[in-house]
Amino acid sequence: MPEAADLDVDSTVRLEKDSMGELAIPSQTYYGIQTLRAVQNFPISGLRPLAAYVDACLLIKKAAAIANGELSCIPADISAAIVTATDGILDGALRDQFVVDVYQAGAGTSHHMNVNEVLANRALEILGEAKGNYARVSPNDHVNYGQSTNDVIPTAIRVGGILALEHSLYPALAGAIATLQAKATEFQTIVRSGRTHMQDAVPVRLGENFRAWEHILTGHQQRIQTAAAELAVIGLGGSATGTGLNTHPRYRFRVAELLSDYLQQPVSNAPHLMAAMQSMAPFVAVSSSLRNLAQDLVKISHDLRLLDSGPKTGLKEIQLPPVQPGSSIMPGKYNPVMAEMTSMVCFQVMGYDTAIALAAQAGQLELNVMMPLIAYNLIHSIEILGNTVAALDTKCLQGITAFPERCLDYAEGSLALVTALNTHIGYLNAAAIAKASLETGKSLRQLVLEGNLMDEATLNEVLDLQKMSQMPPEKI
């Protein structure tokens, strides 16, 4: 990240001026004086804006330039140059020019001006002008025409969230759901002991465990999609306070049309622009749905670790693919690292959600000034969850194998099988049989027959593990 000390007097520089004075800017940079002030003011984390967030800002600027050019609000050649500049950066150019720390001036003005300045200077080059000649192309008067940080940034969070969901989390969830469905079919006939309170419970099918996880992730996918629908309702065009000051009456409708094309999904104008700028509720809703997913992913990752525990002193009913050595001192040790990583990421997402909730309630009057924090935490949550689910799928779930004999041994030895006898010998008799089995080491079957509590044929039918572990029909 550039510092003031980097501006050596012998370097090639250009002078830029703002309302606070004049600064020397390295001539090779595309950002300008307001960006440099922000870099100097906020050397906080070293974290730069996420690519999806930058892309969102660029798409907004492209739509605004087209709309304002069509409506004769800015000259046609300048509109075209700004569009060309945005397309070039969207294709990968000048990505190193977005340099403002995540923790910055409230509302995101510093990042917003960073984008405006980079686009203005690149547009100047396209028009054959020198960088910094803002009389020809201005970051404020042209790139930012009809816009304000206060309506651009909440729209950018929406667009960035949509981009991250579509490119990262949704494909990852779809892949993991398909894998779990396949594993459910593969393991459907394997009977294992259920466990509740970490104690023996009635038997279940290993395949149904995977099918349950499939349904859990499908439910979360649907909840996230429901919450994310509101991201496509934008307040762009509200300008500084939601009144639309300095905007063309048709501007906000045209940018919504253009963003719909870019995102390949309907984008609509908020019914009340001021409300869309003030309330962070859509971001809280999406973040909450991500936290909800994270909580169940932790549960699933812990289940995977337990079922794979061992190999000699744990359950070891399944084998997670070993992907790397697990110890610096114990040879031959392999750890469930993908499941462990999953939990850590999920804990981070839960922390981000708490920060988003706190930031969302911290707005005053016409603006929430905590939007930079919300932007980073929300989009980063989506991306790291997407990356995590994809990695868990490809490096763990897809390669899981089972140990049917071990599963069956545990199931057959479980005292919880006595539950199936309740309706035949009564709860108290069944409890006595379980206690006697634990004390004597005799099997439930042996004790029932010795006590003449059931005939052998009926007992065999009642203790049929395949029938006992069969899921009930979906419909009757």
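Readers should treat all values here as calculations from the given coordinates under stated rules, not as data from a laboratory. Note that this is a predicted model, so its numbers are computed, not measured. All Cβ positions, glycine included, derive from the backbone under ideal geometry; neighbour counts span all protein chains shown.
Under the convention that each Lys and Arg Cβ holds +1 and each Asp and Glu Cβ holds -1, the size of the dipole of the chain around its Cα centre is about 560 debye. Available extension along the chain between S260 and A182 is 24.5 nm, counting 0.36 nm per residue and deducting the alpha carbon span. Summary value for the chain: 17 percent relative contact order, contacts being C-alpha pairs under 8 angstrom separated by 6+ residues. Taking the longest Cα principal axis of the chain as reference, the axis of helix 76-90 is set at about 30 degrees. Relative to the current alpha-carbon distance between K435 and V323, full extension at 0.36 nm per residue lengthens the span by 36.0 nm.
Which net charge results for the neighbourhood of A63, defined as the other residues with beta-carbon distances under 10 angstrom from its beta-carbon, given Lys and Arg at +1 and Asp and Glu at -1?
After counting each charged neighbour, the total is +1.
Taken along the Cα-to-beta-carbon direction at a fixed 7 Å, the label points for N452 and D296 span 5.3 nm. Estimated from helices alone, the mean residue ellipticity of the chain at 222 nm is -17500 deg cm²/dmol (sum of -39500 (n - 2.57) over DSSP H runs with n ≥ 4, per residue). Taking label positions 7 Å along the Cα-Cβ direction at both T401 and L90, the computed distance is 4.8 nm, reported to one decimal. Sorted largest first, the principal axis extents computed over the alpha-carbon atoms of the range 151-404 equal 72, 36, 32 Å. Taking a ≥ b ≥ c as the square roots of the eigenvalues of the Cα gyration tensor, the chain is classed as prolate, since a/c reaches at least 1.5 and a/b is larger than b/c. A full extension of the chain between L428 and L47 corresponds to an added length of 130.8 nm, given 0.36 nm per residue minus the alpha carbon distance. How many angstrom separate the Cα center of the range 67-87 from the Cα center of the range 346-411? Answer, in whole Å: 39. As a calculated quantity, the FRET efficiency between N335 and R250 at R0 = 41 Å, using C-beta atoms, amounts to about 0.10. Counting alpha carbon pairs within less than 8 Å and at least 6 residues apart, what relative contact order, in whole percent, applies to the range 5-154? Answer for the range 5-154 is 27 percent. Treating r as the C-beta distance of A135 and T218 and R0 as 60 Å, the FRET efficiency rounds to 0.60. On the basis of the beta-carbon distance and an R0 of 51 Å, K316 and Q28 show a calculated FRET efficiency of 0.30. A simple spin-label model places pseudo-atoms 7 Å from Cα toward Cβ; at T226 and H197 they are separated by 3.3 nm.
Compared with the dominant Cα axis of the chain, that is its longest principal axis, helix 371-395 is turned about 40°. Calculated translational diffusion coefficient of the range 18-166 (20 °C, 1.002 mPa s; Stokes-Einstein with Kirkwood radius over alpha-carbon pairs) equals 140 µm²/s.
In percent, what relative contact order does the range 95-230 have, based on Cα pairs under 8 Å that are 6 or more apart in sequence? With pairs under 8 Å counted, the relative contact order is 16 percent. Neighbour counts of C-beta atoms inside 10 Å place L217, L245, L259 in the sequence L245, L217, L259, starting with the fewest. Among residues other than I33 with Cβ under 11 Å from its Cβ, the summed charge is -1 (Lys and Arg +1, Asp and Glu -1).
For V159, what is the net charge nearby, where nearby means another residue's Cβ is under 15 Å from its Cβ and Lys, Arg count +1, Asp, Glu -1?
Overall, the nearby charge balance is -3.
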